[in-house]
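Report on one structure; see the data block that follows.
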Amino acid sequence: MPLNSIPAIDAAGGAYRERPIEPRKTALLSIDMQNAEWSPERMTKARVPGSPESSHLSIMEKIEHQLIPNQQRLQTAARKAGIEVIYTTIESYTLDGRDRSLDHKISNLFCAKGSWEAKVIAEVGPGPNDIVIPKTASGIFNSTNIEYVLRNLGIEYLVIYGICTDQCVECAIRDAADRGFLVTQIEDACAAVEERRHDVSIEQMRGHYCRTRTTDEIIAEIQALSKSTAD
């Protein structure tokens, strides 16, 4: 964006926050899209009434039918534009999880070091040169060196999506905003255990900690910016 068209920081309506991304200073941040949350095998089990997975059938169906296709399209557009794609998953640094946060121990959130459950879902997984940052608490900024990595990459804009909307995604958005990143949340590339919780979280973030866009809207923005740069 030309410098003379950037709104003032205190412009009305949060216009500064709503400004378009700058692809060379932007990274996608995928939150907890991992096998522990969805896999074809888990989907099969979730469809069995009374199974341990059945209570998560709704979010798993949303992951399969909405999140994965949308994230695939978004990541393809980003990579084509030279935008960094970064991943985080819940994964302990140890096999027994002794290094986890207290809250994750209490909540029994645990994916062992190097485990299948900690791997990114293959359908939206990283390429050989993408960055994957494991975390041992809900907040990636609280429990990893991601800010150091982003500063080294020259990143100023983050496009954030994943699961769960009202938990780890919201935590990443709030913390990124507090650290001076301009954040875009992709509302139809996120999901929560209950749709009500997803909707409430999206509205809490919208226009305050981030700007909110759909997958189609951010892809159109990326493509328009890439075209203007090429011209």
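Setting aside same-chain residues fewer than 8 positions from LYS105, which lysines have a Cα under 22 Å from its Cα? Qualifying lysines at Cα under 22 Å: LYS113, LYS119, LYS135.
For the chain, the relative contact order is 25 percent, taking Cα pairs closer than 8 Å that sit 6 or more residues apart in sequence and dividing their mean separation by the residue count. Based on Cα atoms of the stretch 30-120, Rg over Rh with Rh as the Kirkwood radius reads 1.03. Only protein atoms count toward the accessible area here, which uses a 1.4 Å probe; on the chain, the carbon and sulfur part of that area reaches 52 percent. The convex hull drawn around the Cα atoms of the stretch 115-230, when projected onto a plane and averaged over every direction, covers 8.5 nm². Mean residue ellipticity at 222 nm, helices only, the chain: -9500 deg cm²/dmol; runs of at least 4 DSSP H residues each add -39,500 (n - 2.57), and the sum is divided by the number of residues.
According to the Kirkwood relation over distinct C-alpha pairs, the hydrodynamic radius of the stretch 1-68 is 15.6 Å. Using the Cβ of ARG206 as centre and a radius below 14 Å, the other residues enclosed give a net charge of -4, where K and R count +1 and D and E count -1. With the simple model of a label 7 Å out from the Cα in the direction of the Cβ, THR214 to SER101 spans 3.3 nm. Peptides 30-37, 125-132 ordered by packing proxy, namely the average of other Cβ atoms within 10 Å per residue, highest first: 30-37, 125-132.
With q set to 0.11, 0.16, 0.17 Å⁻¹, the log10 of I(q)/I(0) for the chain, from the Debye formula over equal scatterers at the Cα positions, is -0.55, -1.15, -1.30. Ranked by solvent-accessible area (1.4 Å probe, protein heavy atoms only, all chains present), the residues ARG174, ARG213 order from largest to smallest as ARG174, ARG213. Considering only ALA78, GLY114, SER58, and ranking their Cα positions along the charge dipole of the stretch 52-116 that arises from unit charges at the beta-carbon of Lys, Arg, Asp and Glu, the one farthest toward the positive end is ALA78. Here the gap between ARG196 and GLU18, fully extended at 0.36 nm per residue and compared with their Cα-Cα distance, gives a gain of 61.5 nm.
For the pair SER51 and TRP116 in one chain, pulling the backbone fully straight at 0.36 nm per residue adds 21.3 nm over the alpha carbon distance. Per residue, the stretch 68-226 exposes 44 Å² of solvent-accessible protein surface, assessed with a 1.4 angstrom probe and all protein chains in place.
The C-alpha atoms of the chain define a longest principal axis, and helix 195-205 lies at about 30 degrees to it.
The values are calculated or read from the model by the stated rules, or taken from the named source; none is laboratory data. A quick note: this is a predicted structure, and the numbers were derived from the prediction, not measured. Backbone-built Cβ (ideal geometry, glycine too); neighbour counts: all protein chains shown. Note: areas computed on protein heavy atoms with side chains; ligands, DNA, RNA excluded. Shrake-Rupley method; radii C 1.70, N 1.55, O 1.52, S 1.80 Å.
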